[in-house]
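Colleague: The structure follows.
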Amino acid sequence: MSLTPQQEDATRNELKQNFELANVTLDQVAADLSATSEHVQNVMQLDADRIEEPWILKAYFDSQIIKAGGQPIPYSALVGNPEHYWFLNGRFIKKGKLVE
């Protein structure tokens, strides 16, 4: 799935807003997802090694926000169940770890 430049901008902004709502540090995200802080930042900018990585980051932020009693900012492009997208590797997403 390719995103338009407008969708990319919106998704970057949505990831940033949800990162802030998750109230975790970049280092904590990196540790929890077996990545480096730099790699997490790259994924947040949609410069990921794999197309599934933004979905993993989305799920992580959502779970942190919900666990704290909050409500994540809705996403405009990362919507629905990623397992329903034929081009995404559901097994990779379920592992919940980012690639380095």
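Colleague: Output the number of the condition that S63 fails; it satisfies all remaining conditions of (1) within 17 Å of K94 (Cβ to Cβ); (2) small (G, A, S); (3) not in a helix (DSSP H, G or I).
Modeller: Failing condition for S63: (3).
Colleague: Looking only at the range 71-100, which residues are surrounded by 15 or more Cβ atoms within 10 Å (Cβ to Cβ), of a type in the set (V, I, T) and assigned to a loop (DSSP other than H, G, I, E, B)?
Modeller: If the condition is that a residue be surrounded by 15 or more Cβ atoms within 10 Å (Cβ to Cβ), of a type in the set (V, I, T) and assigned to a loop (DSSP other than H, G, I, E, B), then I73, V99 are the ones that fit.
Colleague: A further question on this structure: Scan the range 1-8 and tell me whether some residue there is on the phi < 0 side of the Ramachandran plot, charged (D, E, K, R) and modelled with pLDDT under 95.
Modeller: Within the range 1-8, one or more residues are on the phi < 0 side of the Ramachandran plot, charged (D, E, K, R) and modelled with pLDDT under 95.
Colleague: Another question about this same structure. Within the range 67-86, restricting attention to residues that are of a type in the set (A, V, I, L, M, F, W, C) and modelled with pLDDT of 90 or more, which residue is farthest from L15 (Cα to Cα)?
Modeller: For the range 67-86, the residue satisfying everything is A68.
Colleague: If you don't mind, there's one more thing I want to ask. Filter the range 25-44 for residues that are surrounded by fewer than 14 Cβ atoms within 10 Å (Cβ to Cβ) and polar (S, T, N, Q) and give the result.
Modeller: Scanning the range 25-44 gives T25, S34.
Colleague: Something else about it: Mind listing just one residue for me: the one in the range 1-37 that is farther than 18 Å from I65 by Cβ and not in a helix (DSSP H, G or I) and, of those, farthest from the chain's Cα centre (by Cα)?
Modeller: Only one residue tops the list, namely T4.
Colleague: Give the range 38-60 a look and list any residue that's acidic (D, E), assigned to a loop (DSSP other than H, G, I, E, B) and under 12 Å from the mean Cα position of the chain (by Cα), or say none.
Modeller: D47, E52
Colleague: Considering each of A68, A22 in turn, give the residue that is over 23 Å from S2 (Cα atoms) and surrounded by 17 or more Cβ atoms within 10 Å (Cβ to Cβ).
Modeller: After ruling out the rest, the residue left standing is A22.
The values are calculated or read from the model by the stated rules, or taken from the named source; none is laboratory data. Source: prediction; values computed, not measured. Here Cβ is always computed from backbone atoms with ideal geometry, including for glycine, and neighbour counts include all displayed protein chains.
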